[in-house]
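One structure below.
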Amino acid sequence: MTTLVSQQPAASSTPVTFGSSALDTLIETLADGAAAREQDKSLTREAMDHVRRAGLGAFRLPRDEGGGGGSLRELFEVVLRLGAADSNIPHILRNHFVFVERARRVPGNSKFRRWLDLVRSGRIFGLGGSELGTRDIGNGEYDTLLKPHGQGYVLTGRKFYSTGNFYSDLLYVNARTPEGKTVAAIIPVGRAGVSVDDDWDGVGQQLTASGTTILQDVHVEPGEVVDIAAEEPRTPYSATFPQLYLTTIIAGILRRIERDAVALVKQRDRNYYHALAEQPAEDPLLQQVIGRLSGLAYVAESAVLAAADILDRAHESALAGKPDPELFLEAALRAAKSKIILDDLALSAATQLFDVGGASAATRRHRLDRHWRNIRTIASHNPVSYKARIIGRHAIHQGPLPNAAFF
């Protein structure tokens with residue numbers, strides 16, 4: 001299925017802010033529709049319309065610039081809550097928030113100012129980055145080609161893992177020129193030659209449409225091209241933000257697992273004949289399982305938010321024009337350490353959830369299997385074994401960490 005060109009709803013004139021009742025209402029609305037979306041993927045568009053109307057995409061823009069004025073730490077707290085409501089929604093928005101952070105770092109660039117105006121109007125940005133033909137994943141080399149044509153350019157290529165593009169309004173597409181320079185083109189999804197297919201067949205995160213984006217001789221205006229080296233200075237360890245974002249979604253799923261475990265036990269009215277109590281809610285063994293799940297959810301949230309605190313300070317130094325390499329290094333370390341521990345514990349928690357529910361918890365109507373599937377899929381974005389080895393090497397020898405994508 002290919003994306004359709006449609007008129008998107010405009011954002012609210014007052015974007016949601018941290019701690020507001022409007023934000024609470026948005027998250028409750030998204031949570032209420034999560035089960036229905038698992039059965040009918042088309043409803044995800046409606047959920048994204050709620051996100052647009054609320055102005056959530058402008059959460060990180062200053063209030064005096066028409067944004068929500070949220071700090072980076074507060075954004076990650078929102079991601080936690082969204083992850084608990086429906087892990088697909090924050091995942092769809094990940095590349096959008098990455099783009100907003102990039103755009104904010106170049107306030108003097110008229111092109112990025114124009115694109116941030118679109119963010120304020122409720123538009124969502126997606127990403128055309130990963131390519132299946134790339135031999136060395138994450139090395140920043142692309143087969144997608146941007147070449148001169150008339151007064152502008154044409155863009156041709158094929159991207160995969162296009163998370164969120166199916167629901168986005170504009171795409172940030174990584175490409176190369178015939179001379180080999182790395183550039184980006186920012187183009188509307190509805191432009192002729194752009195095809196975004198919902199062909200993602202992963203076991204989890206099934207609503208994110210993380211499939212194929214095809215670009216066939218797409219016209220690109222000169223003002224839509226970004227010379228990355230000249231116009232978009234990167235911060236140290238720039239992959240920390242998107243990687244910590246994913247681990248934060250997992251922490252949100254853990255919060256939901258705890259809630260689902262409590263609900264399962266409360267709604268049960270019978271127990272096994274050899275159980276420790278007649279009523280499941282009074283069974284010490286089931287109480288212990290829920291206690292461990294609760295503790296794990298707390299530790300996960302504490303870990304990702306501690307990393308977000310440092311990353312917040314690092315990003316503030318970049319916004320001030322003096323990126324602090326030590327802060328970025330510490331944020332990368334905290335994000336990596338959180339992932340290599342939480343991935344396995346979260347998968348275990350998703351299994352333990354069934355220990356409190358009995359056989360009925362495995363019925364399709366509950367769809368509790370989605371938690372394990374979603375965690376497994378998110379965790380697979382960056383294999384923990386490579387990250388653990390590098391953290392171990394750093395603990396012994398110090399020195400830098402990998403400084404490109406996927407770390």
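Every number here is computed from the coordinates shown, using simple stated rules; none is lab data. Since the structure is predicted, the reported quantities are computational estimates derived from the model, not experimental observations. Positions of Cβ are backbone-derived with ideal geometry, glycine not excepted, and every protein chain shown enters the neighbour counts.
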_Viscosity 1.567 mPa s, temperature 4 °C, Stokes-Einstein D of region 226-286 from Kirkwood C-alpha radius, µm²/s_ = 83
*Gain on full stretching of the segment that runs from His394 to Asp143 - 0.36 nm per residue minus C-alpha separation*: 87.0 nm
*Segment Asp24-Ser121, length gained on full extension (0.36 nm per residue, minus Cα span)*: 32.8 nm
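Membrane-span-like helices in the chain: DSSP H runs reaching 18 Å or more (Cα, own axis), mean Kyte hydropathy at least -0.5? Spell out each step's value before the answer.
On the way: long enough: 72-85 (20 Å, 0.97); 88-104 (25 Å, -0.20); 240-267 (40 Å, 0.46); 284-319 (51 Å, 0.65); 325-352 (40 Å, 0.48); 384-397 (19 Å, -0.04).
What comes out of the filter, once short or polar helices are dropped, is 72-85, 88-104, 240-267, 284-319, 325-352, 384-397.
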*If you take the charge dipole of region 15-104 about its Cα centre, with +1 on Lys and Arg Cβ and -1 on Asp and Glu Cβ, which of Val79, Ala36, Asn95 is farthest toward its positive end?*
Asn95
*Sorted by Cβ density within 10 Å, fewest first, the residues Tyr167, Tyr245*: Tyr245, Tyr167
*Lysine-lysine proximity count for the chain, Cα under 27 Å, sequence distance 8 or more or distinct chains*: 14
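Check each of the trypsin sites (Lys or Arg not before Pro) in region 261-307 and keep only those in coil by DSSP with at most 11 other C-beta atoms within 10 angstrom; list them in order.
Answer in residue order: Arg270.
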*Where the centroid of each part is defined by its Cα atoms, how far is region 245-289 from region 338-362 in Å?*
11
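For the chain, calculate the relative contact order in percent as a whole number, restricting contacts to Cα pairs under 8 Å that are 6 or more residues apart. Walk me through the numbers before you get to the answer.
Details: 736 pairs, mean separation 65.8, N = 407.
Relative contact order comes out at 16 percent.
When the Kirkwood hydrodynamic radius is evaluated over all pairs of different C-alpha atoms of the chain, what value in angstrom, to one decimal, is obtained? Show your work: numbers first, answer last.
Working: mean 1/r = 0.0452 Å⁻¹.
When all Cα pairs of the chain are included, the Kirkwood radius is 22.1 Å.
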*Bins of 5 Å, starting at 0 and running to the largest distance - Cα pair percent for region 243-334*: 3, 13, 17, 14, 11, 10, 8, 7, 6, 5, 3, 2, 1, 0
*Column: log10 I(q)/I(0), Debye, Cα scatterers of region 21-123, q = 0.21 Å⁻¹*: -1.10
*asked:* Cut-off 16 Å, label point 7 angstrom out along Cα-to-Cβ of His219: give me the residues of region 149-171 whose amide nitrogen falls inside.
replied: 149-156
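Using Cβ contacts closer than 10 Å as the measure, can you line up Ser130, Ser210 from fewest to most? Please report the intermediate quantities before stating the final value.
Numbers: Ser130 19, Ser210 25.
Result, fewest neighbours first: Ser130, Ser210.
Using a ≥ b ≥ c from the Cα gyration tensor of region 142-247 (square roots of the eigenvalues), is it rounded, prolate or oblate, where a/c under 1.5 gives rounded and otherwise the larger of a/b and b/c decides, a/b for prolate?
Values: a/c = 2.20, a/b = 1.26, b/c = 1.75.
It comes out oblate by the Cα gyration axes.
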*Per the helix-only calculation at 222 nm, which mean residue ellipticity applies to the chain, given -39500 (n - 2.57) for every DSSP H run of n ≥ 4 and division by its residues, nearest 500 deg cm²/dmol?*
-15500 deg cm²/dmol
*Residue-span extension gain [Arg259 to Tyr298] - 0.36 nm each, minus C-alpha spacing*: 12.8 nm
_Overall Cα dimensions of region 240-397 - principal axes, largest extent first, Å_ = 64, 29, 28
